[in-house]
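Report on the structure given below.
The values are calculated or read from the model by the stated rules, or taken from the named source; none is laboratory data. Predicted model only: the values in this text are computed from it and were never measured. Note that we place each Cβ from the backbone using ideal geometry, even for glycine, and neighbour counts take in every protein chain shown. Ligands, DNA and RNA are stripped out before the accessible areas are found, and what is left, the full protein with its side chains, is counted by its heavy atoms. Shrake-Rupley method; radii C 1.70, N 1.55, O 1.52, S 1.80 Å.
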Amino acid sequence: MQLQPALDVLKARAPFIPELAIVLGSGLGDIAESAEAKAGVSISFTELPGFPQQSVAGHSGKLVFCELEGKKVVLQAGRFHFYEGHPLDVVTAPMRIYGRFGLKAVLHTNAAGAINPDFKVGELMVIADHINFTGTNPCIGPNVPPGPRFHDMTVAYDKALRQQLHAAAESLGQRLQEGTYIGVTGPCYESPAEIRAFRTMGADAVGMSTVPEVITARHEGLRVAGISCLCNMGAGILPVALTHEDVLAAGAAAAAAFETLVRKFVKDLAL
Ligand code: HPA
């Protein structure tokens with residue numbers, strides 16, 4: 001995918017270079033409808049050349065440039081998933097664009113299934129590290145300069161930003177877990193045997209997004225933070241079937257705490 005045409009639109013339309021991009025996961029998009037967001041500049045994905053024009057859910061996403069808690073941010077409402085059939089260069093295009101637009105950091109948020117039996121549905125988890133179990137990698141193909149051919153993933157999730165997330169949660173009196181996120185392609189949920197295998201591998205939560213984007217964000221030199229909203233226990237942990245509706249409902253129930261945490265993190269953000 002050509003990045004320059006979308007970048008040119010941003011350069012023409014965006015009112016500022018944000019400090020931070022916040023990728024809002026499924027059911028966590030309320031901030032993009034807040035008063036601050038409404039007072040900002042909204043650019044629909046349909047205005048960005050190369051961006052897929054419709055998501056599976058039937059509505060396209062948007063980038064909202066706004067001031068949140070005194071900080072200049074861009075809110076990304078909607079993302080592209082590999083399971084929708086988009087190539088990985090499209091899935092990860094927003095990260096390439098943020099890097100090239102001069103952003104320094106990205107906060108990823110997502111809905112995930114809890115694998116760690118100590119975790120509870122509705123809790124939030126700081127992503128400390130990930131396991132790429134998608135079977136592929138967004139950097140396959142000719143290297144995209146200026147990133148190196150073989151980039152480091154030793155500390156993909158920025159230590160200082162992780163500490164700032166914990167400090168924000170602590171000052172709010174919120175419980176905040178931390179763990180390893182395993183990224184899969186989906187779109188089916190996992191089998192119970194897969195969940196048991198992932199636990200053995202060291203995963204605490206599982207989801208169908210974020211990992212390709214974080215790999216690309218690191219290739220762009222962006223600092224990365226991530227929060228998973230634990231919307232269900234992984235398949236087979238409880239004697240119930242998983243449904244997208246239940247996952248969304250759990251996300252909605254956790255949305256207020258999620259927004260409070262993100263706002264406090266942004267307010268105190270020190271890059
Ligand atoms: N598995 C994969 N992705 C998910 C899950 C899950 O259990 N819950 C929310 N996203």
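The table that follows gives values for the structure above.
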{"quantity": "Two-decimal Rg/Rh across the range 1-146, once Rg and the Kirkwood Rh are taken from alpha-carbon atoms", "calculated": "0.96"}
{"quantity": "Percent carbon-and-sulfur accessible area, the range 61-130, ignoring ligands, DNA and RNA, probe 1.4 Å", "calculated": "51 percent"}
{"quantity": "Among I237, I215, I227: highest mean-square fluctuation, GNM of the chain, C-alpha pairs under 10 Å", "calculated": "I237"}
{"quantity": "Computed magnitude of the charge dipole of the chain (debye, nearest 20; Cβ of K, R +1, Cβ of D, E -1)", "calculated": "580 debye"}
{"quantity": "Average accessible area per residue (Å²) across the chain - probe 1.4 Å, nucleic acids and ligands excluded", "calculated": "42 Å²"}
{"quantity": "Cβ crowding within 10 Å averaged over residues, with 164-177, 100-113 ranked highest first", "calculated": "100-113, 164-177"}
{"quantity": "For the range 88-130, with +1 on Lys and Arg beta carbons and -1 on Asp and Glu, the positive-most of Y98, N110, I127 along the dipole", "calculated": "Y98"}
{"quantity": "Rg over Rh, two decimals, the range 128-271 (C-alpha only, Kirkwood Rh)", "calculated": "0.98"}
{"quantity": "Sequence-distant lysines (8 or more away, or on other chains) whose Cα lies within less than 23 Å of K38", "calculated": "K11, K62, K71, K72, K264, K267"}
{"quantity": "Reciprocal of mean inverse Cα separation for the chain (Kirkwood radius, Å)", "calculated": "18.6 Å"}
{"quantity": "Helix-only [θ]222 nm of the chain, DSSP H runs n ≥ 4, -39500 (n - 2.57) each, per residue, nearest 500", "calculated": "-9000 deg cm²/dmol"}
{"quantity": "The range 237-271-the range 90-143 distance, computed between alpha-carbon centres (Å)", "calculated": "15 Å"}
{"quantity": "Distant-in-sequence amide H partners of T109 (H built 1.01 Å from N, under 5 Å)", "calculated": "V23, G25, I227"}
{"quantity": "Protection-proxy order for peptides 68-76, 114-122, 4-12, 22-30, each taking the mean of Cβ atoms within 10 Å per residue, highest first", "calculated": "22-30, 68-76, 114-122, 4-12"}
{"quantity": "Cα-Cα separations in the range 177-261 greater than 23 Å, expressed as whole percent", "calculated": "27 percent"}
{"quantity": "log10 of Debye I(q)/I(0), alpha-carbon scatterers only, for the range 1-82 at 0.12, 0.18 Å⁻¹", "calculated": "-0.33, -0.75"}
